Amino acid sequence: MKMLTEAAIRQYREQGYFSPIRVMPKVEADALRARLESFEAGAGPLAGKLRHKSHLLFTWLNDLVRHPRILDAIEDVIGPNILCWGSSFFIKEPRNAAFVSWHQDSTYWGLDPADVVTAWVAFSDSTPQNGAMRVIPATHRMDQVPHKDTFRADNLLSRGQEIMVDVDDGQAVMLPLAAGEMSLHHVRLIHGSDPNPSDQRRIGFAIRYIPTHVRQVAGSHDSATLVRGVDAYGNFEPEERPDADMSPAAVAYHAAVTGAHAAILMRETDKQMRA
């Protein structure tokens, strides 16, 4: 046990989530947000494929997925040999209809076994007023359930996927976070979030961690970043660190990696990852 209490680990095992966990002071989270928004001031809002596997584009995000306090908590639930398989920004602009439908993360990822945990790191406060995540406790004990693709423009998920079983909203638990805190949730946990009608931007960075024994079973090629321990399995091609923020080499490498990811996530459709 490196960071989480026994009670926290037990809640994660039994309920499929634990929150909140303070991983950095607010001033550090504010600095991360400032770096993101400094880039956006020149290039426009981060969108499309740039929101995915962003740790391959920005050195400071590559550092973040290796943050010791994040990894200490991850180690408590999946063990000492850890790969970062993915990362995604979930940004809700003020007074915006964007939302996340009820879903299981595992639906299209192709990872087996389902020993996958997401660290959802708040760059800004995430509140009931600006569309904080909600979860249905203990649903991670379910098998994979059917989803339907909607490809709705205001759905932040890759395929606008929605779960095809009845979800009792009365069982939902809101996971508010202050900037610099994170939540953990299991890949099978049913979760989602509402739009942001407030005046405050909501910025979350979701980091997907797996133990090294996990395999990709839905695609012939996949990659991941070893962030702690050793990889004795070699199931994923090791990823390259960006040499500089948005350098030509980093942008080209990111495009190749996200292209392979898109082939997995968008399989059996005629769609591409959203631009």
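The values are calculated or read from the model by the stated rules, or taken from the named source; none is laboratory data. Only a predicted model underlies this, so the values are computations on that prediction, with no experimental measurement involved. As a convention, Cβ positions derive from the backbone with ideal geometry for all residues, glycine included, and neighbour counts pool all protein chains shown.
Cβ-Cβ distances below 6 Å connect the following pairs, each with a first residue in the stretch 5-28 that is touching a residue at least 60 places away in the same chain (Cβ under 8 Å), a second residue that is outside any helix (DSSP H, G or I) and of a type in the set (Asp, Glu), and a separation of six or more residues or different chains: Pro20/Glu181; Arg22/Glu181.
Looking only at the stretch 75-104, residues that are buried (at least 18 other Cβ atoms within 10 Å of the Cβ) and of a type in the set (Asp, Glu) come to 2 in all.
Mind listing whichever residues of the stretch 212-236 are in contact with an Asp or Glu (Cβ under 8 Å, 6 or more places away or on another chain), part of a strand (DSSP E or B) and modelled with pLDDT of 95 or more? Scanning the stretch 212-236 gives Arg215, Ser223, Ala224, Thr225, Arg228. The single condition among (1) crowded, with 20+ Cβ neighbours inside 10 Å; (2) within 25 Å of Ser54 (Cβ to Cβ); (3) modelled with pLDDT of 80 or more; (4) among the β-branched types (Val, Ile, Thr) that Thr107 does not satisfy is (3).
Counting only residues that are touching a Leu at 6+ places or on another chain (Cβ under 9 Å) and assigned to a strand (DSSP E or B), which one in the stretch 75-87 is nearest to His191 (Cα to Cα)? If we take residues in the stretch 75-87 being touching a Leu at 6+ places or on another chain (Cβ under 9 Å) and assigned to a strand (DSSP E or B), then Ser87 is nearest to His191 (Cα to Cα).
Looking at Tyr209, is it within 30 Å of Pro45 (Cβ to Cβ) and either assigned to a loop (DSSP other than H, G, I, E, B) or at pLDDT 95 or above (or both)?
Against the criterion (within 30 Å of Pro45 (Cβ to Cβ) and either assigned to a loop (DSSP other than H, G, I, E, B) or at pLDDT 95 or above (or both)), Tyr209 qualifies.
Kindly establish whether Pro94 is touching an Asp or Glu at 6+ places or on another chain (Cβ under 6 Å) and either under 21 Å from Ala179 (Cα atoms) or of a type outside the set (Asp, Glu) (or both). So Pro94 passes the test. On inspection, Lys2 fails the criterion of being touching a residue at least 60 places away in the same chain (Cβ under 8 Å) and closer than 19 Å to Phe205 by Cβ. I'd like the residue in the stretch 257-270 that is of a type outside the set (Val, Ile, Thr) and surrounded by fewer than 14 Cβ atoms within 10 Å (Cβ to Cβ) and, out of all such residues, is modelled with the highest pLDDT. Only one residue tops the list, namely Gly259. Meeting the requirement of 1 or more residues that are touching an Asp or Glu at 6+ places or on another chain (Cβ under 7 Å) and surrounded by 13 or more Cβ atoms within 10 Å (Cβ to Cβ), the helices (runs of 4 or more DSSP H) wholly within the stretch 1-74 are 6-15, 59-64. Just one of the numbered conditions (1) touching a residue at least 60 places away in the same chain (Cβ under 8 Å); (2) closer than 22 Å to Asn196 by Cα; (3) out of contact with any strand residue (DSSP E or B) (no Cβ under 7 Å at 6 or more places or on another chain) is not true of Thr59: (2).
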